[in-house]
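Heads up: the structure comes next, in structure tokens.
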Amino acid sequence: MEELLKRLIQAESTCRAGELDTARIIAEFLSGMGVENSVDIWEQNRANVTARIGSGGSRRPILFASHLDVVGPGEGRWSYPAFGGEERCGRVYGRGAADMKGGITALLGAIKSVLEDGLELQGDIIFVATAGEETDSCGMLRFADGWEGESPAGIIITEPTNFEVVTAHRGMLWVEVTTLGRTAHGSMPQLGVNAITSMRRFLNRLERYEFGGDRHPRLGGCSMSVNTISGGKAVNVVPDRCRARVDMRTLPGLSHEGILEDFREMFVELGRDNADFQADLEILRSVDALETDTESEFVREVLRVVGASETCAVGFTTDGPHLAGLGAPIVVFGPGDGNLCHKPDEYIEIADLERGAEYYRRIIEAFLC
Ligand SMILES: [Zn+2]
């Protein structure tokens, strides 16, 4: 199994390189097992790979959803090459080892063992691995858009949870606010409208913004952080544009549309106080929060087959909420330590790949055999 993982890591699926090479390795692996699959390609190197292991049975399918892309190696020093896929002391190192090529490998291992042992499936296994989870979820949105057919009995997102059964995470709303002004010579600022001054007004107002709603027992509160700002071209020119990017993390039940409406309302308010104030709002990314009913039959059964006593919540966000339209309970579950993600020396224990394959197989057996 680790040989497949090494190849997947070596097929550097960063934003720059795209996911196509990784998708092709998976497609080849699936074809090698006699599983029909399809690679959906766009923009030359972006790709999703999907497969359906048919059964002819009448049970509803189980969907396993993964992402193909990885973040870049980052600034920190790696002890082993980030895209080498080197094996050391029972671990495979490299970008994506945990997040989440390890999960994909374990799942493919489970599918392989199910096929080799000739298990008689009573419902289909649907496999999808998508592009762009780390940036804009383009692959998952594309997959969800094209979805047709009956709702799965359940959806497993194969992110690294260290085998914890995760049913909740916060949502993510990233926006860019641009304040607009009018340029003028720096010696005569009264002839222009300074966009940085407008941004200061907006940021002051934002300090007092409240999301509303109660704290969540497991997820805590919402959060907001202004993480980039840029504006101005020269010291002697009044700037006509200033941009700030805001990262918000939201709780289940909170409407992102409502927050955007609040932002627009703040613009109007500031415009009333100052006729020169003008601003635009752009949504960079919006992923809802996840909260699956922990009492649902699917969740109870997953807990039982993997031998866990309770579900938990995590700090990171997944593509899971984009699958809400499929009408199935969603659980995040996979091998690997989430704390290693996006850092130098990311790795996965080979023993965890095997354990992951065993758990995914048990899930398949529980629902489809
Ligand atoms: Zn991930």
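The values are calculated or read from the model by the stated rules, or taken from the named source; none is laboratory data. These figures come from a predicted structure and were not determined experimentally. So basically every Cβ, Gly included, is an ideal-geometry build from the backbone, and we count neighbours across all protein chains shown.
Could you list, in sequence order, all residues of the range 316-361 that are more than 16 Å from the ligand (Cβ to nearest atom), within 28 Å of A82 (Cβ to Cβ), among the hydrophobic types (A, V, I, L, M, F, W, C) and out of contact with any helix residue (DSSP H, G or I) (no Cβ under 6 Å at 6 or more places or on another chain)? Of everything in the range 316-361, just one residue is more than 16 Å from the ligand (Cβ to nearest atom), within 28 Å of A82 (Cβ to Cβ), among the hydrophobic types (A, V, I, L, M, F, W, C) and out of contact with any helix residue (DSSP H, G or I) (no Cβ under 6 Å at 6 or more places or on another chain), namely A351. Residues in the range 26-39 that are surrounded by fewer than 16 Cβ atoms within 10 Å (Cβ to Cβ) and assigned to a helix (DSSP H, G or I): E28, S31, G32. Taking the range 57-105 as the range and being farther than 13 Å from P344 by Cβ, of a type outside the set (G, A, S), assigned to a loop (DSSP other than H, G, I, E, B) and in contact with a strand residue (DSSP E or B) (Cβ under 6 Å, 6 or more places away or on another chain) as the test, the residues that pass are L68, E86. Screening R300 with (1) within 16 Å of the ligand (Cβ to nearest atom); (2) among the basic types (K, R); (3) not in a loop (DSSP other than H, G, I, E, B) gives one miss only, at (1). Across the range 73-92, not a single residue is classified as surrounded by 20 or more Cβ atoms within 10 Å (Cβ to Cβ), among the hydrophobic types (A, V, I, L, M, F, W, C) and farther than 17 Å from K343 by Cα. Does S223 satisfy the criteria of being surrounded by fewer than 18 Cβ atoms within 10 Å (Cβ to Cβ) and within 18 Å of V287 (Cβ to Cβ)? Here the answer is yes, as S223 does meet what is asked.
Looking only at residues of the range 9-23 that are modelled with pLDDT of 95 or more and charged (D, E, K, R), we find that the one that is surrounded by the fewest Cβ atoms within 10 Å (Cβ to Cβ) is D21. Taking the range 111-193 and the strands (runs of 3 or more DSSP E) fully enclosed by it, the elements with 2 or more residues that are surrounded by 18 or more Cβ atoms within 10 Å (Cβ to Cβ), at negative phi and more than 16 Å from the ligand (Cβ to nearest atom) are at 123-130, 165-169, 171-180.
Within the range 268-288, if we keep just the residues that are of a type in the set (A, V, I, L, M, F, W, C) and touching a residue at least 40 places away in the same chain (Cβ under 8 Å), the residue that is surrounded by the most Cβ atoms within 10 Å (Cβ to Cβ) turns out to be V287.
Put simply, of P321, P344 the only residue that is at pLDDT 95 or above, in contact with a strand residue (DSSP E or B) (Cβ under 7 Å, 6 or more places away or on another chain) and surrounded by fewer than 24 Cβ atoms within 10 Å (Cβ to Cβ) is P321.
With the structure loaded, tell me whether G253 is under 20 Å from the mean Cα position of the chain (by Cα) and exposed (fewer than 14 other Cβ atoms within 10 Å of the Cβ) or whether it fails that test. If you could, list the steps in order and put the result at the bottom.
Working: under 20 Å from the mean Cα position of the chain (by Cα): yes; exposed (fewer than 14 other Cβ atoms within 10 Å of the Cβ): yes.
Against the criterion (under 20 Å from the mean Cα position of the chain (by Cα) and exposed (fewer than 14 other Cβ atoms within 10 Å of the Cβ)), G253 qualifies.
The single residue among D280, D247, D293, D276 that is over 30 Å from I229 (Cβ atoms) and not in a helix (DSSP H, G or I) turns out to be D293.
Here is a yes/no grid of residues against (1) at pLDDT below 95; (2) not hydroxyl-bearing (S, T, Y):
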| site | (1), (2) |
| --- | --- |
| Y209 | no, no |
| R215 | yes, yes |
| R243 | no, yes |
| R249 | no, yes |
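In the range 85-110, which residues are more than 16 Å from the ligand (Cβ to nearest atom) and within 15 Å of D352 (Cα to Cα)? Write out each step before concluding.
Keep residues of the range 85-110 that are more than 16 Å from the ligand (Cβ to nearest atom), which gives 85-93, 108-110.
Those that are more than 16 Å from the ligand (Cβ to nearest atom) and within 15 Å of D352 (Cα to Cα): E87, R88, C89, G90, R91, V92, Y93, L108, G109, A110.
The one condition from (1) surrounded by fewer than 19 Cβ atoms within 10 Å (Cβ to Cβ); (2) of a type in the set (V, I, T); (3) not in a loop (DSSP other than H, G, I, E, B) that I259 does not meet is (1).
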